[in-house]
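Working notes for the structure below.
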Amino acid sequence: MAYVEDLLMEVKAKNPAQPEFIQAVHEVVESLSLVLDRYPEYRQAKVLERIIEPERVIMFRVPWMDDQGEVQVNRGFRIEMNSAIGPYKGGLRFHPSVNLGILKFLAFEQVFKNSLTTLPMGGGKGGSDFDPKGKSDNEVMRFCQSFMSELFRHIGPNTDVPAGDIGVGGREIGFLFGQYRKLRNEFTGVLTGKGVNWGGSLIRPEATGYGAVYFAAEMLATRGETLEGKTCLVSGSGNVFQYTAEKLLELGAKVITVSDSGGYVHDPAGIDRKKLDYIMELKNIKRGRIKEYVDEFKDATYTPVDPNTDHNPLWAHKADCAFPSATQNEINAKDAQNLLDAGVYVVSEGANMPTVPEGVKLFVEKGILYGPGKAANAGGVAVSGLEMAQNSMRYSWTREEVDNRLRMIMKGIHQTCVDAAEHFGTPGNYVNGANIGGFLKVADAMIDQGLV
Ligand code: NDP
């Protein structure tokens with residue numbers, strides 16, 4: 001369609017050093033061409049042109065002092081992408097790779113994801129190129145305080161509500177919240193992922209991983225199957241990995257891999273509860289490296305990342321399901337082919353955009369059960385939305401209540417994807433389903449609210 005091609009050319013020209021953002025827009029716009037063909041009013045109102053342009057981008061200096069007394073300077077960002085259906089909502093990422101393009105891709109994806117949850121949340125994302133690895137707790141605290149000293153003036157419980165992402169967990173949210181509370185002199189639900197005894201929701205830490213597993217279970221149910229007895233490849237070893245593995249174990253599946261940016265572990269016997277507890281302590285408390293796992297559990301093997309190879313051997317082990325839970329573009333085209341060759345027919349993305357476009361194409365063509373991140377990992381932000389609701393009520397729900405709501409939301413997202421894909425003539429295509437299902441509500445709200 002010439003209109004879509006022209007639009008993509010313009011996006012490329014306008015955002016030259018932002019490949020991840022262009023990749024994310026490309027995928028969404030391709031799916032949406034089906035909608036634009038049928039409903040020309042979206043094209044007339046230039047909804048696509050508007051939805052790909054952030055409402056606001058904030059970029060700032062974050063100076064802080066390290067333990068040696070030396071001044072350090074990082075860059076902070078907040079992308080306020082779209083607030084047509086609710087306050088901006090999305091995580092903060094602290095990782096040396098963070099730049100404007102990566103955060104714009106994440107904020108863009110977040111708009112559709114948040115819409116799919118059915119909760120009233122717009123889309124945003126932020127973070128810094130600060131690397132928490134190897135930093136002391138005091139250094140992390142000083143950095144978070146400096147970061148919030150600028151961010152606080154742009155956010156608020158009815159404006160923009162950040163949460164965690166890579167490199168931002170309970171510890172960082174605590175330091176950020178403390179500084180916000182001091183500067184504003186108010187205790188409000190301005191961040192989610194808070195500690196449970198100071199406004200956090202039960203199940204928030206678990207939500208993204210549990211949600212990705214619930215989504216996989218829903219996809220399998222369409223074929224009359226369950227996760228019981230399935231062998232699963234899971235990447236990462238952080239928040240999303242840990243609770244994906246926990247839920248998979250609970251449902252009788254077997255997890256045989258775990259990784260970090262240094263390499264991956266293959267444990268053919270399966271990562272059981274005891275081994276998962278070891279990983280949680282290693283990563284959340286000792287803040288160690290995953291290679292230490294094989295010193296403790298001798299039957300497992302560790303393979304360091306090889307910069308000279310064209311694929312990640314983690315994705316070549318024989319299995320039924322894959323849950324990429326580390327970072328963007330971690331499954332390249334060769335990895336996608338290796339997954340298919342290894343027998344994998346369920347991919348549920350805990351990470352955001354972990355599969356390159358050629359890989360996505362392969363999965364869709366093969367007709368496997370492929371749940372893209374903006375649908376499969378929406379459980380995290382869904383429970384963040386529930387945390388906001390509980391904060392507004394000044395009340396907390398029980399674990400069971402939150403988990404049931406999470407399960408119902410994931411079921412609803414799955415159904416929305418199935419229905420939208422079918423309605424637009426591509427049954428079983430969860431990529432189209434998620435993009436279209438997420439788009440319609442935001443697009444209609446933008447039209448209702450006029451040209452703002
Ligand atoms: P964590 O920081 O808790 O863990 C990230 C894990 O991924 C670590 O094991 C890390 O290894 C690894 N990793 C990060 N970057 C790279 C890289 N460039 N190459 C290889 N490995 C890498 O983050 P989360 O678990 O929270 O996030 C994981 C993914 O899930 C991200 O894509 C995030 O956007 C997505 N997500 C997270 C949500 C949440 O609620 N937390 C919600 C929705 C999506 P190392 O320690 O060596 O860096």
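Report the gain in length on full extension from residue 411 to residue 292: 0.36 nm times residue separation, minus Cα-Cα distance, nm rounded to one decimal. Numbers along the way, then the final one.
Values: separation 119, 0.36 × 119 = 42.84 nm, distance 3.74 nm.
Between residue 411 and residue 292, full extension yields an extra 39.1 nm.
Take the alpha carbon atoms of segment 383-452, find their center, do the same for segment 277-312, and report the distance between the two centers in whole angstrom. For segment 383-452 versus segment 277-312, the Cα centre distance is 35 Å. The share of C-alpha pairs in segment 247-348 whose separation exceeds 21 Å stands at 34 percent.
Between residue 395 and residue 153, the modelled label-to-label distance comes to 3.8 nm, taking each label 7 Å out from Cα in the direction of the beta carbon. P(r) tail for segment 366-452: Cα pairs beyond 16 Å make up 62% of the total. Each peptide in 271-281, 350-360 was scored by the mean count of other Cβ atoms within 10 Å over its residues; highest first, the order is 350-360, 271-281. Rounded to the nearest 5, what % of DSSP beta bridges with both residues in segment 29-182 are antiparallel? Percentage antiparallel, nearest 5: 70. Each of residue 422 and residue 308 was given a label point 7 Å from its Cα along the Cα-to-Cβ line. The distance between the two points is 5.3 nm. Rg over Rh for segment 235-293 works out to 0.92, using Cα positions for both radii and the Kirkwood form for Rh. In this structure, the amide hydrogen of residue 90, modeled 1.01 Å from its nitrogen in the peptide plane, lies closer than 5 angstrom to those of 124, 161, 163, counting only residues at least 5 positions away or on a different chain.
When the C-alpha to C-alpha distance is required to be over 19 Å, the pairs from 89/286; 133/283; 247/361; 230/318; 12/89; 374/411 that qualify are 89/286; 247/361; 12/89. Remark on segment 207-376: Rg and Dmax equal 14.6, 43 Å (Cα only).
At an R0 of 30 angstrom, the distance between the Cβ atoms of residue 56 and residue 196 translates into a FRET efficiency of 0.40.
Across all directions, the average projected area of the convex hull around the alpha carbons of segment 129-255 is 9.7 nm².
Give me the orientation-averaged projected area of the Cα convex hull of the chain, in nm², one decimal.
Working: hull surface 84.2 nm².
Average of the hull's projected areas for the chain equals 21.0 nm².
Using heavy atoms of the protein chains and a probe of 1.4 Å, the accessible area assigned to residue 261 is about 80 Å². What the chain shows is 41 Å² of accessible area per residue, with the surface traced by a 1.4 Å probe over protein heavy atoms.
Given the C-alpha atoms of segment 54-189, compute the convex hull and give its volume per residue in Å³.
Numbers: hull volume 13.0 nm³, N = 136.
Convex hull of Cα atoms, per residue: 96 Å³.
DSSP assigns beta bridges within the chain; of those with both partners inside it, close to 60 percent run antiparallel.
Compute the length gained on full extension between residue 280 and residue 251: take 0.36 nm times their separation in residues and subtract their Cα-Cα distance, giving the result in nm to one decimal.
Working: separation 29, 0.36 × 29 = 10.44 nm, distance 1.92 nm.
Here the answer is 8.5 nm.
The values are calculated or read from the model by the stated rules, or taken from the named source; none is laboratory data. Here the structure is a predicted model, which is why all the values come from computation and not from measurement. Ideal geometry is used to build each Cβ from the backbone, glycine not excepted, and the neighbour counts take in all protein chains shown. Areas reflect the complete protein model, heavy atoms only, side chains present, ligands, DNA and RNA absent. Shrake-Rupley method; radii C 1.70, N 1.55, O 1.52, S 1.80 Å.
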